[in-house]
Structures are given as C-alpha cells and as structure tokens.
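For reference, the structure is listed below as structure tokens.
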Amino acid sequence: MTPSKAIATSLSPDTPTYLVKIFGKDRPGITAGLFDTLAAYSVDVVDIEQLVTRGRITLCALITAPATGPTISGTNEGALRATVHSWAESMGLEAEIISGTGDNQPRGTGRSHVTVLGHPLTAESTAAIAASITATGGNIDRIFRLAKYPVTAVECDVSGADTAALRTALALEAARYGVDVAVVASGLQRRAQRLVVMDVDSTLIQDEVIELFAAHAGCEAEVAEVTQRAMRGELDFEESLHARVRLLAGLDASVVDKVRTEVRLTPGARTLVRTLKRLGFQVGVVSGGFTQVTDALQRELGLDFASANTLEIVDGKLTGRVTGEIVDRAGKARLLRRFAEEAGVPLVQTVAIGDGANDLDMLNTAGLGVAFNAKPVVREAAHTAVTVPFLDTVLYLLGITREEVEAAEAAEPASSPGEDGKQQAPA
Ligand SMILES: [Mg+2]
C-alpha cells in the first residue's frame, strides 16, 4: 500500500479543472476505459455523472488538470486531450473536453423536488413546467425518470427557488395542461417520512361504503345525494352521517358481510401498502365510514392503524345509529395526530391521502397532504394533488421509483397476485 496523501481540503476556485464529456453507444467497459486513460496523468476526480438513455451513455467527469504524464509541445494538457480523443475514437464515442477552474458552480439556495406525473407526459406540458420553474427563479439541476407505468413520472431537482412559490406557480401549469405536479422541499425530512394515513371511501377503495349499504336498503339515490353535498362541503359531515345512517334502520346485519365482499380496492392500493410496509413505514386508515368494513381491510392489508364509525346492530338489525366517537373532519386530523404519537413519528414526517372535504384538516396537519382524485375544493387546499386513478403513484411523490417497487415485488411476490386492480404492467 502506498502512503496515503494528506486529506485534501475543498478544491480552490482557481485550480485548473477539465470537464470530460463522453457520449455514444453504451457497452461494458466505457467507464473503466475512460478512467484508465486518465490515470496515466495522475488526475483527481472531482465529480462524476453518468446516465444511460435507450442504450446511449452520457458520462461527464470533472477532473483536476494533469500534473504529470505524457506531454505534447511541453504540456500535459495537449497530450491528455489527444489521448482521450484517440481512446474515444477507438470506442466509437464522441468526446468533448472543456477547460475551466474549480468545482461545479454552487447551486442556488432553496432546494425542491418537483415530481411530474403525465398520462401521457407531453412535450408541451414539459416545456410549460420548465419555463415556469425558470420564471420562479429556479434552476433544474437534474431530471430523471421515476416510472413509465402506469404513468410517466419524472423528478426534477430544483435549486434557487422558494418551494411555496414554485408550488403555486406549477399548480397553475398542472391545471392548464392536465398533468400532476407535486413540489416538496428537499432535505432529510423527505427521506424520514414514516407514517402514511389514508382516507378509505374513494381513496383506498373505489366505493363509498354507505352507498353499498344503501343499495341493499333501496335508498341509494337519497344517500348518494347527501354524500355528494357533504363531500362538496355544503353540509356538516356529522349531520349528513346521521341522516344517511338513519336511512339504513331495520336492514339485516347479514348485509354487512355482503358489503365487505362488494368493496373494490383502488388500483395500486396493495402495491402502495406493501411497498410502504417493506420500507418500514407504518400505514393507517381513518374513515367516516364504518369499522364493520375498515376492520376487515386492516386485517387484509396488514395496516397498523384503523379508525372509523361503528354501525349499531341490535337483535341482528342495523338500528340506524352509530356508536362511539364520531370520525368527522376534525376527528380525522385528531386521529392522524394520535397515530403519529403512537408510532413515535413527528407530524412533519407523516403523509395523509384523501379525496373529500372531510379530509382537509388531516391533509393540512400532515407533513405532506395528497389530494387523491379529489373534489376541486380539496385539490386547491392540499399540498399536492394526484388526478390519475392509481394509488401507487403516491410512491413517486416520495421519490420511490417504479423499478424499486417492481424489484421488491419480484424478490417477495405478493401472496394474492392480480388483485391489485389493473396493475399488471404490459409485457
Ligand atoms: Mg373519501
């Protein structure tokens, strides 16, 4: 072993450096070949970025100027340029060497992650989003694809813009172009998110459970009308809950089992929960619906927390009343706090997902509130909105890639495949 050099302090801004850029058809050995070529000049590596898109490699290396090695006309620089170009040519690659000084330019203050979900993602919407980031004072430092299915999801690392200003500006473009844009502040908080709490009706499941009960009681139209008015925020939730449950009085308790079998999970629900559990998240649900259904979902999905209203059953019949503490708009936010406390997770590390007006307090209490296929009043008030009907797209907002999700699925296949809506990727 050679004696180690003194630990270098950060690179002086005056130190001559070269950016070496290689582009062309990817194949094994390119990275090793480039650095092997550079090694003849004893240069230090300051930064490396490499990516491969459809078989084409872009490799950028920022290196210190050569101090030793072969020379041409008395300089190492000319020799290094000639050697790199000759190596690249032998490999059928293009090379560019740009001289300068020091490290990369320092990034602007303020860091955000901008996730764009498109279905499809068009050039037009991408142009509008990029222009809007620039107009807000931001610079896109890096863009990469998180997923190609069921939506095209890309994440942009942005510096130099205020996260809240960026969120406001991009929300306008998102609405205009029919894409979803989520803006979150960068930093350790995002990596440390540890608890996800979801609404149930029209979020975790596709149905409104009370409407399933109403179908058995023959009062669907009346119940649906009250539900819609409550979700639009036109009716107090507790009043509307009592009014709707009253319509179910006298219904046979055996209907509870039927309703449980009628519940349809939202596409991506199982993938979302399973992936979150694998990542060590705790996952809970809060529902203005009923424990008779949420308890079964909790068992089936292995949820850590569940809370809902309970339909009172006496002598084998629904009484038309609910028992216990009512889970309403304020109750949902209260339960999020309670779950977070029990899980030992600060609120800033929680994520809440919901679609209705009664989810708003919960969405705004969480560190990240996601409006999922929500009514406009909810979408406008939440941190971020998803308008595609796949629950696992929420994973992309947390920076988790489709590839990571699929690798985890392949390593530990689901016990009940094919039940997760229409989530089978085309072959
Ligand atoms: Mg709901």
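Stretching S73 away from E220 to a fully extended chain increases their span by 44.0 nm, per 0.36 nm per residue minus the current alpha-carbon distance.
Gaussian network model of the chain, Cα springs within a sub-10 Å range: biggest mean-square fluctuation belongs to which of A357, A243, A127? So, out of A357, A243, A127, the one fluctuating most is A127.
For a modelled paramagnetic label at T15, 7 Å from Cα along Cα-to-Cβ, the residues of the stretch 56-84 in reach, with backbone nitrogen under 17 Å, are 61-68. Listed peptides 23-30, 391-398, 338-345 appear in the order 391-398, 338-345, 23-30 once ranked by packing, highest mean of other Cβ atoms within 10 Å at the front. Spin-label pair V52-A127: with each label point 7 Å from Cα along the Cα-Cβ axis, the two points sit 3.2 nm from one another.
Using the number of other C-beta atoms within 10 angstrom as an exposure proxy, rank F305, F372 with the fewest first.
Fewest-to-most Cβ neighbours within 10 Å comes out as F305, F372.
With helices as the sole contributors, the chain gives -11000 deg cm²/dmol at 222 nm; each DSSP H run of n ≥ 4 counts as -39500 (n - 2.57), and the sum is divided by every residue. On full extension, the segment bounded by A410 and A175 gains 81.0 nm, given 0.36 nm per residue less the C-alpha separation. For the pairs K148/K375; K21/K148; K258/K375; K258/K317, note any where the Cα-Cα span goes beyond 24 Å. Among K148/K375; K21/K148; K258/K375; K258/K317, the Cα-Cα distance tops 24 Å for K148/K375; K21/K148; K258/K375.
The label point for C60 and the one for E96, both projected 7 Å from the Cα toward the Cβ, are 1.0 nm apart. Modelled this way, with points 7 Å down the Cα-to-C-beta line, the labels at A243 and A330 are 2.0 nm from one another. The stretch 217-252 and the stretch 76-123 have Cα centres separated by 60 Å.
In the chain, the longest principal axis of the Cα atoms and the axis of helix 30-39 are about 40 degrees apart. All C-alpha pair distances within the stretch 57-121, sorted into 5 Å bins from zero, spread as 3, 12, 16, 16, 14, 10, 8, 9, 6, 3, 2, 0 percent across the bins. Based on the reciprocal of the average 1/r between different C-alpha atoms, the Kirkwood radius for the stretch 197-279 equals 14.1 Å. The ranking of D36, D103, D355 from fewest to most other beta carbons within 10 Å of each one's beta carbon is D36, D103, D355. Can you tell me which of A253, A382, A374 moves the most in a GNM of the chain? Springs connect C-alpha atoms under 10 Å apart. Of A253, A382, A374, the Gaussian network model singles out A253 as fluctuating most. Using the Cβ-Cβ distance between A253 and T401 with R0 set to 41 Å, the FRET efficiency from 1/(1 + (r/R0)^6) comes to roughly 0.35.
According to the calculation over all Cα-Cα pairs in the chain, the P(r) per 10 Å bin from zero is 4, 18, 23, 21, 14, 9, 6, 3, 1, 0, 0 %. Efficiency by 1/(1 + (r/R0)^6): what FRET value for E380 and F35, r their Cβ-Cβ distance, R0 = 45 Å, to the nearest 0.05? Once the sixth-power term is evaluated, E becomes 0.30. Computed over the stretch 287-334, the alpha-carbon pair-distance distribution with 5 angstrom bins reads 5, 21, 25, 23, 17, 7, 2, each value a whole percent.
Read-outs throughout are calculated quantities, based only on the coordinates presented, and are distinct from any laboratory measurement. None of these values were measured; they are calculated from a predicted model. Every residue, glycine as well, gets a Cβ built from its backbone with ideal geometry; the counts of neighbours run over all protein chains shown.
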